[in-house]
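Q: What follows is a structure written as structure tokens; I'll ask about it next.
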Amino acid sequence: MRAIWRGAVSFGLVSIGVRVYSATEEKDIRFHQVHRTDGGRIRYKRVCSIDGEEVSYDDIAKGYDIGGGEMVILTDEDFAELPLSTSHAIDVLEFVPAEQVDPILYNKAYFLEPDGAAAKPYVLLRDALTDSERVAIVKVALRQREQLATLRVREGVLLLNTMLWPDEIRRPDFGFLDEDIKVRPPELAMASSLIDSMAGEFEPDIFTDDYRAALQEVIDAKVEGREVVQPEEVEEAPAAAVDLMAALRASVDRARAARGEEPAGAGAGQPTPISAAKSAKAAAAKKTTPAAKKAAKKTAEKSTGAKKAAGAKKAASKSGTAKKAATKKAAPKKAPRKSA
């Protein structure tokens, strides 16, 4: 690592010489803009918008737009006269409990290394911070800007976390915050159960940047002139559930199944994701449109009419047969002929 800043931590009347190193680094894969046809790099020129001439770095100053097309120009001399009392020091202002610092304020992290013969006071401050279970609130000037920061201990090293100023934090202004949204106790209890079923110890090393790994594989394949092996398709996220309780319960069962535990509703008649889906399908089948209901009613009426007609025809047939039988029965018998 290369030190990016040298200064001193002012701890009361004690001054601790330190070197500052970036504690983090971005692993993003960076690209250049190139000409698609021949791969030539795309260059940018610093051109003045008034005379169209290219401007060298020596002739570039900082300008502040005050509106109306007017610009206030500041030079290096103007910045040199600004009162940066912490330009070469990290001034400790106070010590506070770490939980009182909202994580949204944190910006960048830097390691501090004792410079020269400052190892003993450095270790003294480190051990005192550890024993007090507090963090130091400090002011520091980095890259011509005064910043608020915290000083804490990480793996035996003092860690400087620069922070945003309070007026740099935006306030959320969303409509739902003014709505009276009620959460039922069973829903809250089920959500808490889901949190408990997914609880664990944070181990950052088990998480990986899958997109970056896949992108690196594409680049390596391009370099080696081979085909890219397509990664396995990721299971699509389920559609938004209408029944919040069913979704929560199914999520709890899924989390417990992933841990090799019995589902919450095992043997108790609780709906599973499959049974919930079947119930939803059955409920959807019961819901028919007015047009479908009308068509079904018309079909039923036709069926009833046909049955009535068939019944009447059958009855008439039976009636005719009965009449014939009655007539035959009522007819007088012919007298026998007398012989001569």
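Q: Test of the criteria: in segment 152-214, which chymotrypsin sites (Phe, Trp or Tyr not before Pro) are in a DSSP loop and have at most 12 other Cβ atoms within 10 angstrom of their Cβ?
A: Filter output for segment 152-214: PHE174, PHE202, PHE207.
Q: Now a separate question. Using 0.36 nm times the number of residues separating LYS182 and ASP51, minus their current alpha carbon distance, what extension gain do you get?
A: Computed gain between LYS182 and ASP51 is 40.8 nm.
Q: Now a separate question. In whole Hz, what ³J(HN,Hα) sequence does segment 208-217 give by Karplus (6.51, -1.76, 1.60; θ = phi - 60°), x for Gly and Pro?
A: Couplings: 10, 8, 5, 5, 5, 5, 5, 5, 5, 5 Hz.
Q: Please give me the summed charge of the neighbours of SER10: other residues whose Cβ is under 15 Å from its Cβ, Lys and Arg +1, Asp and Glu -1.
A: -2
Q: Just in segment 96-153: which trypsin sites (Lys or Arg not before Pro) are loop by DSSP and have at most 13 other Cβ atoms within 10 Å?
A: ARG143, ARG145
Q: Gain in length, ARG143 to THR208, computed as 0.36 nm per residue apart minus the alpha-carbon separation, to one decimal in nm?
A: That pair, ARG143 and THR208, stretches by 20.2 nm at full extension.
Q: Give me the number: length gained by fully extending ASP243 to ILE104, i.e. 0.36 nm times residue separation minus the C-alpha to C-alpha distance, one decimal in nm.
A: Between ASP243 and ILE104, full extension yields an extra 46.7 nm.
Q: For PHE95, which sequence-distant residues (separation of 5 or more, or a different chain) have an amide H within less than 5 Å of its own amide H, given hydrogens modelled in the peptide plane?
A: For PHE95, whose amide H was placed from the backbone, the distant partners under 5 Å are ILE137.
Q: May I ask you to derive the relative contact order of segment 1-77, considering only C-alpha pairs under 8 Å and at least 6 residues apart, and to give it as an integer percent?
A: Dividing the mean separation by the residue count of segment 1-77 yields 14 percent.
Q: Tell me which residues come under 5 Å, amide H to amide H, from ASP115 once H is placed; ignore anything under 5 positions away on its chain.
A: For ASP115, whose amide H was placed from the backbone, the distant partners under 5 Å are GLY17, VAL18, ARG19.
Q: How about segment 1-84: which chymotrypsin sites (Phe, Trp or Tyr not before Pro) there lie in a loop by DSSP and see at most 16 other Cβ atoms within 10 Å?
A: PHE31, TYR44
Q: In segment 22-143, what percent of the accessible surface is made up of carbon and sulfur (1.4 Å probe, ligands and nucleic acids excluded)?
A: C and S atoms contribute 51 percent here.
Q: Given a Förster distance of 35 Å, report the FRET efficiency between ALA199 and SER132 from their Cβ-Cβ distance, rounded to the nearest 0.05.
A: 0.70
Q: Still on this structure, I have one more. What does the net charge come to around VAL55 if you take all other residues with beta carbon closer than 14 Å to its beta carbon, with K and R at +1 and D and E at -1?
A: With Lys, Arg at +1 and Asp, Glu at -1, the net is -2.
Q: Describe numerically, in nm with one decimal, the distance between label points set 7 Å from Cα along Cα→Cβ at GLN33 and at LEU13.
A: 5.9
Q: Accessible area per residue of segment 105-153 at 1.4 Å probe, in Å²?
A: 53
Q: Compute the normalised compactness of segment 109-197: alpha-carbon radius of gyration over 2.2 N^0.38 Å, N being the residue count.
A: My calculation over the Cα atoms of segment 109-197 gives 1.77.
Q: Send over a whole-number figure in Å² for the accessible area per residue of segment 154-233, probe 1.4 Å.
A: 89
The values are calculated or read from the model by the stated rules, or taken from the named source; none is laboratory data. Predicted model, so just to flag it, every value in this text is computed and none were measured. Ideal geometry is used to build each Cβ from the backbone, glycine not excepted, and the neighbour counts take in all protein chains shown. All accessible areas refer to the heavy atoms of the entire protein, side chains included, with ligands and DNA or RNA removed. Shrake-Rupley method; radii C 1.70, N 1.55, O 1.52, S 1.80 Å.
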